[in-house]
Each structure stands twice: as C-alpha cells, then as structure tokens.
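Taken together, the values in this text are just the output of simple stated rules run on the coordinates, not laboratory data. Here the structure is a predicted model, which is why all the values come from computation and not from measurement. Because the Cβ atoms are built from the backbone with ideal geometry, glycine has one as well, and the counts that use them run over all protein chains shown.
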Amino acid sequence: MQIYKKDFTFNIEDVDDLKRKVQVYFQFYGFQISEIKTNQITFIKKSSLFTGWSFNPLNWQSKVLVKYVNNALKLSYFNEGNNQLTPFAFENLFISFFNYLDLYLNTSIDFKEKNKFEIKKAKKKTLSLLLIIIFCILTFSLLLNICFQNLDIPYFSNFGIIIVAYLTLKFINQYWINKVV
C-alpha cells in the first residue's frame, strides 16, 4: 500500500516552551518520541496486531518529523495505513490535526475537543468504508457463485472470494489515492 506523506510549515510567534508544547500535543495522541536532536524531534506510532482493527487513522503506523528552522516549524507526516484502507482517504483529518497543532502553538487553544470531533468523523468514515468493502465482497462473491455454480472445480469459490476481496480493496483504495493526488 502506498505511504501517505504530507509536509506542513507553520510560522511560530512564541518559541518559548515550543519543544514541550509539541511533545505534549503528540504524546496526548499516543505518539512516542523516537529521536531528539537540537532542532528536531521524531515521533512514531508503532504498528501492532490490532492496528488493522483501529477505526482511528491517527492510531495507524505513522511517523512525524518536527524541525524548527528560522521561526518556522516544519513537519513531515508519514502514515502507512492499516493494511485495509489507504490513509489518503483521511487527508482532511490529517490536515485538521496539524492545523490544530499550529493553533495550539500560536494561540494556546484547547486542541482536545476540536481533534475529538475530527477523529469522530474519521471513525465514522472508516466504518462506512469498511461496510462498503464488506457489501462489495458479499455482492460480487454471490454473483461469482451464481455464474460459476455448475463448475465442479475444487476450492474455486474460496479462491474467487479471495480475488474479489483483494480487487475490492484495491479499487476502493485506488479511488482515494487518485482523488487526493
């Protein structure tokens, strides 16, 4: 699956306590610090056995590089998805997530409620996409079964369901990748 990558640049007005605020923001959402340098912090979200069942795209395996250069914060975000849905379908969530970081750093707004709303929308979208995928798999499997019910080939229906599931995932994910890119 194609990795989602997005770059953000924010002008920072108040550099006091910047590193702590950035750490608070990302650690609140479960990101772990993997590397700290003078003007750079790297946060990661590791993959686990249950990543594929997480409806929150911010919990999927990802990496954030944060660099502070000349009163600007440069961020690079990488998300690998959950092996079923492409992260490209959730670009609005990622953009909002980082825009709220900008507002938090410059105006000290409470980001928790705003991000909670965006995450809730993304979870609903995840659920609806998974339901669409399940519906397509069931529909095309049924059609495949009706068309080839007279064939007496061992394991043909099992193989057909796997092919249908793979193609359904491929088509839906490709749709979102083409829509964003």
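Okay, here's what the table says:
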| read-out | value |
| --- | --- |
| Under the Debye formula (equal points on every Cα, no solvent term), log10 I(q)/I(0) of the chain at q = 0.15, 0.16 Å⁻¹ | -0.88, -0.97 |
| R0 of 25 Å, Cβ-Cβ distance Thr38-Ile95: FRET efficiency to nearest 0.05 | 0.35 |
| Between 0 and 90°, nearest 10: helix 18-28 axis offset from the chain longest Cα axis | 30 degrees |
| Spin-label pair Lys116/Asp152, simplified geometry with 7 Å Cα→Cβ offset, distance in nm | 6.3 nm |
